[in-house]
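Readers should treat all values here as calculations from the given coordinates under stated rules, not as data from a laboratory. Remember, predicted model here, so these are calculated numbers, not experimental data. Cβ atoms come from the backbone with ideal geometry, glycine included; neighbour counts cover every protein chain shown.
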Amino acid sequence: MKKKKFFKFRYLIVLLSIFLLSGCWNYRELNDMSIAGSIGIDYDVENNLFDVSVQVFKAKKSGSDTAGSSSDESPVVLYEEKGKTVHEALRNAVKEAPKKLYIGHLDLIVFGEDLAKTHFFESLDFLFRDVESRKDFNIILAKGGTAKDVLKVLTPLETNPSTSMMQTLIANSTFKGTAPTVSFDEALAYIYNEGIELTLPTVEIVGDTKKSDEADSIAKIDPKTALVFNSVAVFKNNKLIGYLNEEESLGFSIITGQIGSSVIPFPCDDSGNYASFEIIKMKSGGTVKKDGDQIKSEIAISAKASLSEINCAIDLTDDKEYKRIEEMANKATEQIVQKALNKVMKEYKSDIFGFCDQLFRTEYQYWKTIKPDWDSKFPEIETSIKTKITLFTKGSTTTSTTKGG
């Protein structure tokens, strides 16, 4: 009996030792790696090579609180290499970098415009397969330029440009809605879903690109170069085909339910004066169904909003007048949504709204018959828009600076 107890005790010790002695088999010291914050991927068409730029943190500067510190040294260093594949280009960075690049803490990947038109899908394969990288980093497109130039721009409010770009992108998505964020795993879901095309937020360089990587460019109150996040890039068959402007991008975000908050201006008289409302909470939904030989889509939008500004001679204490203001707000929203629909359906003919996916769910048998001809069917979908914008607050006053009533 005692012998059996002894053996049980010994097995218990062995079992506990497994947990105490275990560790990460691929563990590496942080000091042995160069931590990449952002990656830029372009394509060298002339030489048929991927052109990869990597923004790496400088350990000495990463803990600094302000960009305007006593040193003019950049908080990051940019390595650029080329290769027949993205992975080869990244590995080639060791020709300059003293340590192997580690991409497990990526914040952002920027794709160049030319690459997005030709080799976007091919550039994703390594990122999809790599076991070190998380798949929740955000991706963005360099509108009208290269990813490399975007990563060269120093930012004034954050020492870490990757963090600054991410925070600006999130701020736009949350408070303006013209550049909704897309993570890498979300992009893969779009790419492998045959019922919806990919869209990406864009970043555009404004100002003097020649001085964007100099510390002096952010040392003054008016930076020489800035990064602007303000539109949506439209893809079709995994290739870039065009862009939506600011208003159309907002309409896209409203249709797809990617609005956190935004401010929408609208004319409130015939003299060129405007009012505006701030979206507090918005919901979007829609149906796509077969009606005879026609496909119809009904887009329903409802929102609670605050009347944030009014520069027209309107008496807000008059319920009829206040109702008229609400009607104006609804009309303005409907027009924004209609402009996005017209641009996408008539010009780009790319189903970024997911109408095909919705038809698959509701009219499967019919969907199977028309799926091969969806490119010709999509532009002919009959759309209707129903908006219900409720202005539940007038702000802190019921009168306008332009007196009314």
_Net charge within 13 Å of LYS281 by Cβ-Cβ distance, Lys/Arg positive one each and Asp/Glu negative one each, not counting LYS281 itself?_
+2
*Determine the sum of side-chain charges near GLY257: Lys and Arg each +1, Asp and Glu each -1, restricted to other residues whose C-beta is under 12 angstrom from that of GLY257.*
+2
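List the chymotrypsin sites (Phe, Trp or Tyr not before Pro) within segment 140-215 that DSSP assigns to loop and that have no more than 13 neighbouring Cβ atoms inside 10 Å. Can you show the working numbers first?
Details: sites: PHE175, PHE184, TYR190, TYR192; in loops: TYR192.
In loop regions of segment 140-215 (DSSP not H, G, I, E or B), the sparsely surrounded chymotrypsin sites (Phe, Trp or Tyr not before Pro) are TYR192.
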*Average the reciprocal distances over every distinct pair of alpha-carbons in segment 263-366, invert the result, and give the Kirkwood radius in Å.*
16.1 Å
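Once the piece of chain linking LYS99 and ASP185 is laid out straight, how much longer is it, given 0.36 nm per residue of separation minus the C-alpha distance between them?
On the way: separation 86, 0.36 × 86 = 30.96 nm, distance 2.80 nm.
Roughly 28.2 nm would be gained on extension.
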_Under 5 Å between amide hydrogens, which residues at least 5 positions from ARG134 or on another chain qualify, with H placed 1.01 Å from N in the peptide plane?_
LEU106
*Past the 27 Å Cα-Cα mark, which pairs from LYS236/LYS290; LYS100/LYS224; LYS82/LYS346; LYS176/LYS320; LYS176/LYS339?*
LYS100/LYS224; LYS82/LYS346; LYS176/LYS320
*Can you list residues whose amide H is under 5 Å from ASP315's amide H, if they're 5+ apart or on another chain and H is modeled 1.01 Å from N?*
GLY405
*At 7 Å along the Cα-to-beta-carbon direction for both SER376 and VAL263, put a label point, then send me their distance in nm to one decimal.*
4.8 nm
*For GLY40, distant residues with modelled amide H under 5 Å away*: SER53, VAL54, GLN55, VAL110
*Would you calculate the separation in nanometres between label points at HIS87 and VAL131, each defined as 7 Å from the Cα along the Cα-to-beta-carbon direction?*
1.2 nm
*For the pair VAL77 and GLU321, how long in nm is the line joining their label points, each one 7 Å along Cα→Cβ?*
6.6 nm
